[in-house]
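For reference, the structure discussed in these notes is given below.
The values are calculated or read from the model by the stated rules, or taken from the named source; none is laboratory data. Because the structure is a prediction, the values reported are computed rather than measured. Virtual Cβ from ideal backbone geometry, glycine too; neighbours counted across all protein chains shown. All accessible areas refer to the heavy atoms of the entire protein, side chains included, with ligands and DNA or RNA removed. Shrake-Rupley method; radii C 1.70, N 1.55, O 1.52, S 1.80 Å.
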Amino acid sequence: MCGIVGVVGNPEAQQIVLTGLQRLEYRGYDSAGIASLGAEGQLTTRKAVGKLQALLDEVATNPMGPSTIALGHTRWATHGAPSTTNAHPHTGGLGPNTLTVVHNGIIENYQELKSEMASLGAKFLSETDTETIPYVIAASLAHSADTMAQAVHAASKKFRGSFAFVVMKNGENNQLTGTRRGAPLCIGVAENANYFASDPLALAGITSKFIFLEDDDIATISPQGVEVRDATGKPVERPVKTLDLSTDLAGKQGYKHFMLKEIHEQPAVVSSILQAYTTADTLLPTLPMGSLNLAGVTYINIIACGTASYAAMVGKYLIEQYARVPVNVEVASEFRYRNPPYPPGGLFIAVSQSGETADTLAALEHAKAAGQHILVFTNVTTSSMARAAHAVIDLMAGREIAVASTKAFTAMMTTLSLFALQLAAARGLSAKEISTHITALRTLPNHITNQLTNTKPLEDLANHLTAASSMLYLGRGSLAPIAFEGALKIKEIAYIHAEAYASGEMKNGPIALVDKNLPVVNLATSTDGLFEKTVSNLKEVEARQGQVILITDTEGATKLDTHTRDKLTLLTVPTVPAFISPMVFTIPLQILAYLTATAKGTDVDQPRNLAKSVTVE
Ligand code: M6R
């Protein structure tokens, strides 16, 4: 959350920062700001509330003057409402040293630091935790530190929480200093200029060479070079990676929204996964497992947040059913603080599109410290989680820009399905049965494509749902997590309150909500042996005048009697083996949420209050 860009040594510094911030807007879009130092080291700052366009307008109206150094920030508000006062960069100084900072994350002990700094003469203007940073660094400079790196090092020891920040000393227009703990920060390396960014994407087209900082590294960049010191203050060489970011800048390619484009990319994503991770002839899974001995795995924790946690639940169903290994799926924010026992032979799996979600990363580190083998399913193979893992499964979904996850969810379920089969193979499931499931997976791209071609029934339903203030989503077995994901999607982008339950749970409480105003989306497939039970649950809704919406497969639809059929809104998906049902049933729910949101006119790609990458806890 929050995006940072810093440039030193480039006469286009301000423009590079503004372009970079536009690309980082997915990290937060409450407010944005930029600061630069002129030839004499004089500070100029511009800030605006709202989307980045407001800052671009502000800078166009009030140009900043030439400079070769600049810092910028796009904010997802934590401490203090979105306002120009709370927008970054923040400036503060003690004695001769005034500093300007941009920050991502949370300084948890900011209140005690504020009191301490106020007693030294600090004057706080904003409600942010960030504003303590320049003062604490200035205090270090005044007392013990000779260089900015030393001052940042000393100051960082006082900060609690997870954060990344970059700081500029007013009057010194030839260097920037940055550090990170938990939150991401990389350095873009180039000739005669160097860069900081929360994500390499910000610097696509500027450089392809990147250094990913480790926790508590302190980096100083200048036009002449980069110097990195580790947590002990010792100079270190971090590897420089070359990245090809060209495909990440592809834009919407004619689609109205990134979300719609990403929904349509799903057939290609599934094809890429199957091509990369299955054998063409024998149809067996080949996910890279590093040194992990799959046959020795006795217990699995799959830890994730949000949509990724629902993919993890699908993974649990498949792993337990086919590999017969017990699996605990848990949201990372709970797992990380409850000191769970780790059985010998335990495997820890983190599932994360971004690979940066703070809670998941912290849970991973907890498990790693306890000696667990760490497997990460992620879409960003340079992410913090990928770097901390023993083995990484690349989700191969391509960059996902829309805040509401779609193609990454399908990629997670597809790779976890392959993992279930690979584990099952190591535990003796026959190659014949495994190849049957992989054959089913191979039909998935076609089934998804077909569903994307006729969305008219979903459009009619979406128009009806614009009037709904609340909804229920129900599903059984491996479709229960899909109900959860459907409810999350409609909440996130259409702002309709939605609850999801395993269908059988409805009678234990949620049924009290059912009345003629409540749309209830039921998911039922004819291929998992649970169809009749789910139909019984929807009859219970019907008997209480709820608006029954049934999504079932074509075969399932034929099993309904006329009376039942007449009383509900019926949407069909193709009849497929139960192994791939979760992916097939996901598609109409994604489209339904998208069409409902567009009918309501919400900001589909950047819904209110959210950010794509959740790097605070
Ligand atoms: O990057 P991650 O997969 O770790 O993100 C986890 C959640 O923050 C994410 O799935 C979130 O729930 C999405 N907005 C869902 O659409």
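Brief remarks on what is shown
- Alpha carbon convex hull of the chain, volume per residue in cubic angstrom: 156
- Charge tally in the Cβ shell below 12 Å around Lys157, where Lys, Arg are +1 and Asp, Glu are -1, Lys157 excluded: +2
- Solvent-accessible area, 1.4 Å probe, carbon plus sulfur percent, for segment 1-123: 51
- With K and R counted +1 and D and E -1, the other residues having a Cβ less than 14 Å from that of Ala462 yield a net charge of +1.
- Among the listed pairs Lys256/Lys600; Lys456/Lys491; Lys261/Lys559, those beyond 24 Å (Cα-Cα): Lys261/Lys559
- Plainly put, segment 14-65 has a radius of gyration that is 0.98 times its Kirkwood radius, both from alpha-carbon atoms, as the Rg/Rh ratio.
- Where segment 136-268 is the region considered: accessible area per residue in Å², 1.4 Å probe: 41
- Packing around the peptides 24-31, 50-57, taken as the average count of other Cβ atoms within 10 Å per residue, puts them in this order, highest first: 24-31, 50-57.
- Distance between segment 435-458 and segment 354-370 - C-alpha centres, whole angstrom: 34
- As a length-normalised measure over Cα pairs under 8 Å and 6 or more apart, the relative contact order of segment 287-408 settles at 25 percent.
- Accessible area of segment 213-315 belonging to carbon and sulfur atoms, whole % at 1.4 Å probe: 53
- Inter-part distance where segment 183-198 and segment 384-413 are each reduced to a Cα centre, Å: 23
- Net +/- balance of residues flanking Thr406 in space, Cβ distance below 15 Å, scoring K and R +1, D and E -1: +2
- Expressed as a whole percent, the accessible surface of segment 347-437 that belongs to carbon and sulfur atoms is 51, based on a 1.4 Å probe.
- For segment 254-442, the gyration tensor built on C-alpha atoms gives an oblate shape. Its axis ratio a/c (a ≥ b ≥ c) is at least 1.5, and a/b is not larger than b/c.
- Cα gyration tensor shape of segment 234-297, rounded if a/c is under 1.5, else prolate or oblate by comparing a/b with b/c: oblate
- Note on Lys157: aspartates and glutamates with a C-alpha under 19 Å away, same-chain residues under 8 apart excluded, are Glu108, Glu112, Glu116, Asp129, Glu131, Asp146, Glu214, Asp215, Asp216, Asp217, Asp230.
- Fully extending the segment from Thr85 to Leu249, taken as 0.36 nm per residue of separation minus the present Cα-Cα distance, adds 55.8 nm.
- Between the C-alpha center of segment 58-115 and that of segment 549-565 there is a gap of 57 Å.
- Note on segment 167-297: Cα-Cα pairs beyond 23 Å make up 56% of the total pair count.
- Estimated FRET transfer efficiency when R0 is 35 angstrom, pair Leu120-Asn192 (beta carbons, to 0.05): 0.40
- Ranked by how many other beta carbons lie within 10 Å on average, peptides 334-344, 151-161 from highest: 151-161, 334-344
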